[in-house]
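The structure appears below as structure tokens.
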Amino acid sequence: MLIAGFPAGAWGTNCYLVASAAGEECVIIDPGHQAAPGVEEALEKHRLKPVAVVLTHGHIDHVASVVPVCGAHDVPAWIHPSDRYMMSDPEKGIGRSIGMPLMGELTVGEPDDVRELSDGAALKLAGLDFTVAHAPGHTKGSVTFQMPEAADIPSVFFSGDLLFAGSIGRTDMPGGSMDDMLESLARVCLPLDDSTVVLSGHGSQTTIGQERATNPFLRQVAAGQGPSTGAPRRGM
């Protein structure tokens, strides 16, 4: 498996390109603000052909480059229906103005081909298997993508802004809910094997085992408690 990732734009949002190997088809995950040049560089470096863009949620820092990336390669974008509106109206998704200078750099709207994700969906794209889990809390339409363990490769979990190394996604923006976040963490994250590699929307790589042992939010969820630490501020 080949996974090429890089942080993009003003929010340092992780964009990932996933393929079975160099020179093969690939899936692009979360091409956010100013991600298009990095996507093209990775495609050229690894000789990859995109077949789809998949989105963990609709915040502008994760979807800002969807239109140019999909348009350049004539591929569809997949998003949960509860977050689809944010592609055309990003300011509604964060509850305030993003700012005119930044907005001037964005191509707001939907690509020509938008397909909707659902909980439990099994996507087979670029010869790879992704299981979708609806995981509201950061937004109403947040999802995660899990790839199964194969041979000596552990399972890979693209957590979006649900789970980070040492933290979880913020819940203080439109559509956010701490109650939903705690339920999603318990339902989606806790059952995963400790060896599962977590590639999140912001920050560094981690594992479920590492987060189960050290992440204060996940530890409290595992103990059946609400968070006693400060409100999470990661994401957007």
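Could you tell me which residue of segment 194-229 is nearest to residue 62 (Cα to Cα), considering only residues that are touching a Pro at 6+ places or on another chain (Cβ under 9 Å) and assigned to a loop (DSSP other than H, G, I, E, B)?
Start the filter on segment 194-229 by keeping residues that are touching a Pro at 6+ places or on another chain (Cβ under 9 Å), which leaves 195-197, 202-203, 207, 216-217, 220-221, 227-229.
Next, from what is left, pick out any that are assigned to a loop (DSSP other than H, G, I, E, B): 195-196, 202-203, 227-229.
Values: 195: 26, 196: 23, 202: 10, 203: 14, 227: 26, 228: 29, 229: 26 Å.
Residue satisfying both the conditions and the ranking: 202.
Looking only at segment 25-43, decide whether some residue is modelled with pLDDT of 95 or more, in a helix (DSSP H, G or I), open to solvent by 30 Å² or more (accessible area, probe 1.4 Å) and closer than 24 Å to residue 197 by Cβ.
yes
Just to be sure before I move on: is residue 10 in contact (Cβ under 8 Å) with a residue 60 or more places away in the chain and either polar (S, T, N, Q) or out of contact with any Gly (no Cβ under 8 Å at 6 or more places or on another chain) (or both) in the structure I sent? Steps first, please.
Details: in contact (Cβ under 8 Å) with a residue 60 or more places away in the chain: yes; either polar (S, T, N, Q) or out of contact with any Gly (no Cβ under 8 Å at 6 or more places or on another chain) (or both): yes.
When the stated conditions are applied, residue 10 passes them.
Of the residues that make up segment 49-60, is at least one touching a residue at least 40 places away in the same chain (Cβ under 8 Å), basic (Lys, Arg) and either more than 19 Å from residue 164 (Cβ to Cβ) or touching a strand residue (DSSP E or B) at 6+ places or on another chain (Cβ under 7 Å) (or both)?
no
Does any residue of segment 77-91 turn out to be open to solvent by 30 Å² or more (accessible area, probe 1.4 Å), within 19 Å of residue 132 (Cβ to Cβ) and of a type in the set (Gly, Ala, Ser)?
The answer is yes; a qualifying residue exists.
Is it the case that residue 172 is under 20 Å from residue 94 (Cα atoms), open to solvent by 50 Å² or more (accessible area, probe 1.4 Å) and not polar (S, T, N, Q)?
On the way: under 20 Å from residue 94 (Cα atoms): yes; open to solvent by 50 Å² or more (accessible area, probe 1.4 Å): yes; not polar (S, T, N, Q): yes.
Yes.
Pick out the one residue from 72, 36 that is in contact with a helix residue (DSSP H, G or I) (Cβ under 6 Å, 6 or more places away or on another chain) and not hydroxyl-bearing (Ser, Thr, Tyr). Talk me through it step by step, then tell me what you get.
Numbers: 72 fails: in contact with a helix residue (DSSP H, G or I) (Cβ under 6 Å, 6 or more places away or on another chain).
One residue alone meets the criteria, 36.
Mind checking whether some residue in segment 186-193 is part of a helix (DSSP H, G or I), modelled with pLDDT under 95 and open to solvent by less than 40 Å² (accessible area, probe 1.4 Å)?
First, the residues of segment 186-193 that are part of a helix (DSSP H, G or I): 186-189.
Next, from what is left, pick out any that are modelled with pLDDT under 95: none.
Within segment 186-193, none of the residues are part of a helix (DSSP H, G or I), modelled with pLDDT under 95 and open to solvent by less than 40 Å² (accessible area, probe 1.4 Å).
Taking segment 44-61 as the search range and keeping residues that are at pLDDT 95 or above and assigned to a helix (DSSP H, G or I), which one is least open to solvent (accessible area, probe 1.4 Å)?
46
The values are calculated or read from the model by the stated rules, or taken from the named source; none is laboratory data. Given the structure is predicted, the values throughout are model-derived calculations rather than measurements. Quick reminder, even Gly has a Cβ in these numbers, built from the backbone with ideal geometry, and neighbours come from all protein chains shown. With ligands, DNA and RNA removed, areas are computed over all heavy atoms of the protein, side chains included. Shrake-Rupley method; radii C 1.70, N 1.55, O 1.52, S 1.80 Å.
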